[in-house]
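A short write-up of the structure that comes next.
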Ligand SMILES: [Zn+2]
């Protein structure tokens, strides 16, 4: 892969990472405000707790993607980014440009999914 393409992908990953970090931080701020809030009646309290649970699920998802982005950036530094982490085949750059956090080729990704 040409260095210019790799630089572009690295830029995409760093942008995505910045967005994710902001989002996770926003969620944490929201949750802190949520737990400090006084609930006036039990019904309102139950609704509030439901919101917190949904937020936790979203936050968990974000952290997962953050890890993938970090892993991809690490692989770029090590010069192994183009190679599938499972079988070692070269991943087509079209796939990497479309999904920069991917670390597996299409075949291995499909095998991993249930
Ligand atoms: Zn593979």
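The values are calculated or read from the model by the stated rules, or taken from the named source; none is laboratory data. Model, not experiment: these values are computed from the prediction. With ideal geometry, Cβ positions are generated from the backbone for all residues, glycine too; neighbour counts draw on all protein chains shown.
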Legend entry - Pair list, Cβ < 6 Å and 6+ apart or interchain, from region 77-89 residues that are within 11 Å of residue 106 (Cβ to Cβ) and at pLDDT 95 or above to residues that are within 13 Å of the ligand (Cβ to nearest atom) and part of a loop (DSSP other than H, G, I, E, B): 84/91; 84/104; 84/105; 89/105
Inset, instruction - Among the residues of region 81-106, count how many are within 8 Å of the ligand (Cβ to nearest atom) and exposed (fewer than 13 other Cβ atoms within 10 Å of the Cβ). - result: 2
